[in-house]
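Following: one structure in structure tokens, then a few remarks.
Coordinate-derived values only; no laboratory data. None of these values were measured; they are calculated from a predicted model. Quick reminder, even Gly has a Cβ in these numbers, built from the backbone with ideal geometry, and neighbours come from all protein chains shown.
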Amino acid sequence: MSALKRLLLTLALLMASVAPLRAVNPDEVLDDPALEARARQISQGLRCVVCRGENIDESNADIARDLRLLVRERLLAGDSDRQVVDYVVERYGEYVLMKPTTEGANKLLWGAGPALFLLALLIAGLYLRRRARAGAPQEEALSEEEQARLRELLDG
């Protein structure tokens, strides 16, 4: 085998090992490819409630499997994608959404970052303006006694 082929084979194996693994078991896959594609799309937008930062499509947790089955069950029942997501959110709360909505109390969370940034800019601007107005610190002259003591110390 040539060096180039070995290199390409090694790169292919590395790329395969880096590819995201799916936790969907074969017994969960729907027979209808269109419904399965919808289920996968929905599953990628739902967070596993016990895993941090993993969607239910990638998680191996039992609850994630239950949620994947629930999504497929709702799709087989004829629910739209929105209805499936709403059903899961109703049962588990907005935490299950990988991308939280910007409605209700979440408006406060979405607006807090930019608001605090603007507040920090305002405080920094006021501080710099006050500091510029203050000017350089004034040096006080030494009194006669201090000058005499300094000459005494320096002359040694």
If you fit an axis through the alpha-carbon atoms of helix 144-155 and take the longest principal axis of the Cα set of the chain, what angle between them do you get, 0 to 90°, nearest 10?
80
Mind telling me which of ARG52, ARG72, ARG129 comes out most flexible in a GNM of the chain, alpha-carbon contacts under 10 Å?
ARG129
Only helices counted: for the chain, with every DSSP H run of 4 or more residues adding -39500 (n - 2.57) and the sum spread over all residues, [θ] at 222 nm is -20500 deg cm²/dmol
If the chain between ARG91 and ARG133 were fully extended at 0.36 nm per residue, the gain over the current Cα-Cα distance would be 9.3 nm
Of the candidates LEU97, LEU118, LEU13, which one comes out as most mobile in a Gaussian network treatment of the chain with C-alpha springs shorter than 10 Å?
LEU13
Rounded to two decimals, the Debye log10 I(q)/I(0) of the chain (Cα scatterers, no solvent) at q = 0.11, 0.13 Å⁻¹ is -0.70, -0.82
Can you give the angle from 0 to 90° between the axis of helix 33-44 and the longest principal axis of the chain, with both taken from C-alpha atoms, to the nearest 10?
20
Roughly how many debye, to the nearest 20, is the charge dipole of the range 64-156 about its Cα centre, given +1 on each Lys and Arg Cβ, -1 on each Asp and Glu Cβ, and no other charges?
740
In degrees between 0 and 90, to the nearest 10, how far off the longest principal axis of the chain does helix 3-18 point, with axes built from Cα atoms?
90
Length gain on complete extension for the stretch LEU30 to PHE117, per 0.36 nm per residue less the alpha carbon to alpha carbon distance?
26.6 nm
With the chain treated as a Gaussian network of Cα nodes joined by springs under 10 Å, which of ALA136, ALA77, ALA120 yields the largest mean-square fluctuation?
ALA136
Per-pair calculated FRET efficiency, R0 = 41 Å: LEU108 and ARG6 via Cβ, rounded to 0.05:
0.15
